[in-house]
Structures are given as structure tokens and as C-alpha cells.
Amino acid sequence: MKFENVVIQSLAAVDAPIRVTSIEIEKQLAPTFKRLGIRDNLLEDVSGIGARRFWEEGTMPSDAATMAAEKAIEQAGIERDKIGLIINTSVCRDFLEPSTACIVHGKLGLSTHCMNFDIGNACLAFLNGMDIAARMLERSQIDYALVVDGESSRPITEATIQRLLGSDVDEQQFRAEFASLTLGSGGVAMIMTRKELAPEGHAYLGSVSRSATQFNNLCHGQMDCMVTNTKVLLTEGLKLAAETFQVAKSTFNWVPSELDQVVIHQVSKVHTEALVQLLDLDIDKVHAIYPEMGNIGPASVPIVLAKAAEAGRMKKGDRVALLGIGSGLNCSMAEIIW
Ligand code: MYA
């Protein structure tokens, strides 16, 4: 779906305060590493993830999303009663019900006319949220939309470490739960509106999507346990990304060398390097946050975008490609003119 009048008015990311290194995690898992004969530093060596962030105990996904939303509203300089829609897109949630969006809505004190709901689509949901908001904005059904995401990897990481310390854990289980140790935390929020309301905003041109749901069994996650077939996820994820990139090329006239910044969902060093090579992208145009932040699920793409902007990697008019992918498998690619 392409849009002519939708812009991103503000974007804000909030880092979780506690830095946990892969070496610290491996130290905790030392008895299992020794028993299974796993080499030291495997986690950082193969994934390229040296650290990830944790929130203080008790910080809920809605708290992370609310902190980021407060920043985004302030940056945009808008009255909060003008916001007609809030979508929460996080994998992590405070409860199964009510929605995390309604908790964030309440914490922010948004108006009674502001629609609020969650979208769940694994690591892809933030891009889906932007797309749904853009559809409503383009039709003038609302004037401002707030898309938020708050991820907390602390509970699943701690539960996984405890489980993997079990004396009955074998190599197969270790490999199946390995990806859980790469997850990170963060909060992010974006205000979207129409061009006439924020002429300095960054144009959101739209997105294309492709799915390969025959692979919906490759990564199954619960609040305290995620089981992943890392090998097949990597190969099939890359195939779907290549297929989606072809559609994006013809829809947005993408030529890899003409893209100024490529913002990708960050899984690991292996995934990033394989994708860059496959799509003939320039690695210098990819802002990598995984070494310090790990895989922050659906918050990954918008946090990378916010950090790339903070680092001054984009200038006005730059063509910015967003490449998102999520378990399912689903893949979306979008373009922003900065
Ligand atoms: S779901 C979350 C998915 N996250 C991960 O899979 C992260 C962890 N995975 C990785 O870092 C790589 O896949 C690994 C494989 C390293 C696992 N457990 O050459 P290799 C050892 C323990 O065969 P590679 C999500 O985000 C192996 O024994 N160890 O591995 C949603 C060897 O050790 P040694 C393992 O293929 C969507 C070493 O690693 C495991 O290079 C994501 C190297 O072995 C394991 N499971 O990497 C969709 N496997 O050296 C995918 C291997 O001692 C997206 N090892 O012999 C794809 C596209 C990306 C973005 C696209 C945007 C559009």
C-alpha cells in the first residue's frame, strides 16, 4: 500500500538501564556449558551480540512504551487530546487481557475518543502498526496516531537460564533455546500524521509485504520460553526477504546503491551479513545495534531508525528503507523520505 500524505512527525527510543553481557550469561550457564562441552564465548562469537539491556524488576512492557511515548509526544509538540489512535505492537505484554495499548492509553491520559488496541505479529508488528495508522491518516479518519512498543527480555532470559541449568538438559534443548539468550529490551514510540499538519515530517511512502506461513512452526514463543529452529529460520527468512525485496524494488523503484540508509530487523551478525550480501546492500548504510542491544523484536526496526537519526546518519531527503521480518514467517519493507 502506498501513501501520499502521511509523515512521521516524531520518533523516540528509550534504553533499558541495565546492561547484561553475553559473558555474564555464559558464566551463569557454566555448569551446562561444561557438561555439554560447549566452547567459551559461543554466544557472542556466533551471534555477534556482546550485550543486551534489561529493565529494573517490575518494569512492565506498558511502562517502557509509555516512557517512549511521553518523549515522542513532547518532541512532536502536540496536544495529546489530538491523538486519535494508539497501537501497541509489542510481543511482550502486561497481561493477556486487557490490551497493553489500553494500559499505555490510560498512563498517558489520552482522550476518550482515541482508539486503542494491540497488533500482534511477532517481530514485524511495529511496521504493521505504522501501516494501519497510515491508512487511517491518509483517509483523514484521524489526525495523529501513536505507535508504541515496549519489550522486556529479562523474564524470558532469566527463565531460560534457570531451565538450561537443569541436569537433564541435552544439546538439542540447548540449541532450541539458544535464540532466547539473544533477546534485548527497549521502548520506542512514533507519532504519525498528515503532511499538512507537520510539513517538516518524514514522508512515509508505504510498504509491501509477503508471507511464508508454511514456516509458522520455526519459532514458538511464550512469556518464559522460546523454541527456535535457528538454521531453517535463517535460510527461509533470507529467501522470504529476497522475495519481498524484489516486490519493493518494483513498487518503490529501489536500486540498492540509491538507498541512503537501510534499517533492518536485527537478529545477529550472521543474519545481518547474510542479508546484506544477498540483497547487494552496502554494509556501511546499515546501522547495527545488535552488538550492544541484541534482538529487540518488533521494537528493533524503529529503535535502529531512532538511533540512526540520533547518530546523524540521515539528512533531509534521504531515501531510507525499512526491512522487517517476523516469525510466521512474514516480511514487510517500507520507504521513508527523511
Ligand atoms: S526469531 C529469533 C531468531 N534468532 C536467532 O536465531 C538468533 C540466534 N542465532 C544465531 O545467532 C545464528 O542463527 C546461529 C547460526 C549462530 C545460531 N544453538 O555455521 P553454523 C553453533 C547453539 O551452523 P550459522 C526472529 O528474530 C554451531 O554449533 N549453537 O551457524 C524472527 C557452531 O559452533 P562451533 C549453535 O548458520 C525472525 C556455530 O554456532 C546453534 O552461522 C527472524 C556456527 O554454526 C544453536 N541453535 O549461524 C527470521 N546453531 O563454531 C530470520 C549453530 O563451536 C531472518 N550453533 O562449531 C533472516 C533475515 C534477517 C533480516 C531480514 C530483514 C528483512
* To do: Quick one: accessible surface of Met333, probe radius 1.4 Å, all protein chains present, in square angstrom to the nearest 10.
  => 0 Å²
* Structure fact -> Here the stretch 140-146 yields Karplus 3J(HN,Hα) values (6.51, -1.76, 1.60; θ = phi - 60°; whole Hz; Gly and Pro given as x) of 6, 6, 9, 9, 9, 10, 10
* Structure fact -> Using a 1.4 Å probe on heavy atoms of the protein chains only, the accessible area for Ile73 in Å², nearest 10, reads 10 Å²
* Scan around Ile264 for amide H atoms under 5 Å from its own, H built in the peptide plane at 1.01 Å from N, and keep only partners 5 or more places away or cross-chain. => His287, Leu323
* To do: Could you tell me what percent of the accessible area of the chain is made up of carbon and sulfur, with a 1.4 Å probe and every protein chain present?
  => 51 percent
* So what does Arg93 come to for accessible area, using a 1.4 Å probe and Å² rounded to 10? -> 60 Å²
* Asked: In bins 5 Å wide, starting from 0, what share of all Cα pairs of the stretch 4-142 does each bin hold, as a percent?
  -> 2, 9, 14, 17, 17, 12, 9, 8, 6, 4, 2, 1, 0
* Asked: Which of rounded, prolate, oblate describes the stretch 190-338, given a ≥ b ≥ c as roots of the alpha-carbon gyration tensor eigenvalues and a/c under 1.5 marking rounded, otherwise prolate only if a/b is larger than b/c?
  -> prolate
* Asked: Rounded, prolate or oblate: which fits the stretch 174-224 when a ≥ b ≥ c are the square roots of the eigenvalues of the alpha-carbon gyration tensor, with rounded for a/c under 1.5 and prolate only if a/b beats b/c?
  -> oblate
* Structure fact -> The lysines whose Cα lies under 28 Å from the Cα of Lys239, excluding any fewer than 8 residues away in the same chain, are Lys2, Lys231, Lys249, Lys269, Lys285, Lys307
* Structure fact -> Residue-normalised 222 nm signal for the chain, counting each DSSP H run of n ≥ 4 as -39,500 (n - 2.57), nearest 500 deg cm²/dmol, is -11000 deg cm²/dmol
* Asked: Based on the inverse mean of 1/r over its pairs of different Cα atoms, what is the Kirkwood hydrodynamic radius of the chain, in Å?
  -> 20.1 Å
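The values are calculated or read from the model by the stated rules, or taken from the named source; none is laboratory data. The structure displayed is predicted, hence computed values, not measured ones. Quick note on the areas: whole protein, heavy atoms, side chains included, nothing else; ligands and nucleic acids left out. Shrake-Rupley method; radii C 1.70, N 1.55, O 1.52, S 1.80 Å.
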